[in-house]
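These notes are about the structure you will find just below.
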Amino acid sequence: MIISVTAPKKGLGQTVTAINLGAAISKLVQKRLLFVDINQYCNDIEKYLSNTHITKGLDDFISLHRSKMLTEESFRLCVKEVSENIDMMGTHHCFKMKNNDIDVLVQHMKYIYDIAIIDTLGGYNRLSETFFNQSDYVVVVINQVKNIMPLILENQLYQGHAEKIIFVVNKYVETMNEQRINYTLEHIKRDLTKLGYRQPVFTLDFDVNLMNECNEQTLLNYVLGHYSGTYLNQLLEITTHILKGCNIEFESQNEVQQKGILRRLTSCLTMRPLLKQLKN
């Protein structure tokens with residue numbers, strides 16, 4: 001399964017959403033997942049998930065592929081392990097990706113990994129469009145501002161992929177300072193329908209804990225280490241929709257939460273004897 005994540009413009013939380021979406025999927029299915037960053041202008045995946053400036057990525061892959069030295073084993077040299085089930089592939093800086101590079105990349109991703117999350121460039125560009133063609137789902141991250149709609153209208157790129165698109169309104173709020181926000185989810189759905197999009201629209205609420213706890217390398221741990229909360233419930237709702245659409249079996253949200261509770265209880269029980277010894 002390949003999921004591309006994009007946005008009409010920069011600064012809407014596309015990369016953070018992509019990472020959290022991937023983490024939630026990994027939590028539900030417990031299978032191998034690869035993050036791929038194709039945005040050579042920002043390289044945010046590397047910023048959030050790599051704890052060193054030495055990062056493997058698309059330049060390594062393209063070099064091996066064009067030198068006819070690419071194998072399954074050498075492909076693994078182009079990725080960096082992030083956690084037990086998650087790897088990342090940093091963006092390219094030296095090479096310009098061609099269609100044949102993308103075809104071979106997708107072949108290897110599908111063979112080695114169960115899921116791939118592509119962090120694309122925002123707005124209109126042919127590179128992202130090529131990955132959209134190869135994707136099972138395209139997640140479009142938008143905000144709660146009415147002037148985002150003209151950007152979507154101008155961005156005809158989405159029109160050709162309407163059947164695989166889902167929209168995610170990031171940092172969504174119903175009220176602020178006890179005042180109801182005028183541009184609500186109902187209005188967003190109405191305006192998207194007018195533009196010809198009848199796909200599901202999901203929300204990810206503004207979560208102050210996410211903002212406070214997620215500083216670069218700790219971002220992935222927020223989703224992997226927490227098992228409840230509005231943001232996480234909404235994230236799991238999106239992932240459930242995607243997994244069902246791809247006919248992929250997964251654990252229910254309750255099963256994931258119960259496992260998390262058991263894991264924390266086990267950890268506490270394991271730590272008690274040690275703490276007792278330290279006190280003595």
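Please verify whether Thr15 is closer than 20 Å to Glu129 by Cα, hydroxyl-bearing (Ser, Thr, Tyr), open to solvent by 10 Å² or more (accessible area, probe 1.4 Å) and modelled with pLDDT of 90 or more, treating the condition exactly as stated.
Yes.
Within region 1-38, the set of residues being touching a Gly at 6+ places or on another chain (Cβ under 8 Å) and under 13 Å from Gly122 (Cα atoms) comprises Thr6, Ala7, Pro8, Lys9, Lys10, Leu12, Gln14, Asp37. Taking the condition in contact with a strand residue (DSSP E or B) (Cβ under 9 Å, 6 or more places away or on another chain), touching a residue at least 60 places away in the same chain (Cβ under 8 Å) and in a helix (DSSP H, G or I), does Met149 pass? When the stated conditions are applied, Met149 does not pass them. Checked against (1) more than 17 Å from Thr17 (Cα to Cα); (2) at pLDDT below 90; (3) under 23 Å from the mean Cα position of the chain (by Cα); (4) aliphatic (A, V, I, L, M), Leu153 passes all but condition (3).
Looking at the structure I just gave you, is Lys68 of a type outside the set (A, V, I, L, M, F, W, C) and at pLDDT below 90? No: the conditions fail for Lys68.
Looking only at residues in region 114-128 that are over 21 Å from Gly22 (Cβ atoms) and open to solvent by 30 Å² or more (accessible area, probe 1.4 Å), the one that is modelled with the highest pLDDT is Arg126.
For (1) over 17 Å from Asn147 (Cβ atoms); (2) modelled with pLDDT of 95 or more; (3) open to solvent by 40 Å² or more (accessible area, probe 1.4 Å); (4) of a type in the set (A, V, I, L, M), each residue gets a yes or a no:
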{"site": "Lys164", "(1), (2), (3), (4)": "yes, no, no, no"}
{"site": "Asn170", "(1), (2), (3), (4)": "no, no, no, no"}
{"site": "Glu178", "(1), (2), (3), (4)": "yes, no, yes, no"}
{"site": "Thr184", "(1), (2), (3), (4)": "no, no, no, no"}
{"site": "Thr193", "(1), (2), (3), (4)": "yes, no, yes, no"}
{"site": "Pro200", "(1), (2), (3), (4)": "yes, no, yes, no"}
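Only one entry in Ile45, Ile86 is touching a Lys or Arg at 6+ places or on another chain (Cβ under 9 Å), at negative phi and open to solvent by less than 50 Å² (accessible area, probe 1.4 Å), namely Ile86.
The values are calculated or read from the model by the stated rules, or taken from the named source; none is laboratory data. Owing to the predicted nature of the structure, the values given are computational and were not obtained by experimental measurement. Glycine gets a Cβ as well: all are built from the backbone with ideal geometry, and neighbour counts include every protein chain shown. Keep in mind that these areas ignore ligands, DNA and RNA; they rest on the heavy atoms of the full protein, side chains included. Shrake-Rupley method; radii C 1.70, N 1.55, O 1.52, S 1.80 Å.
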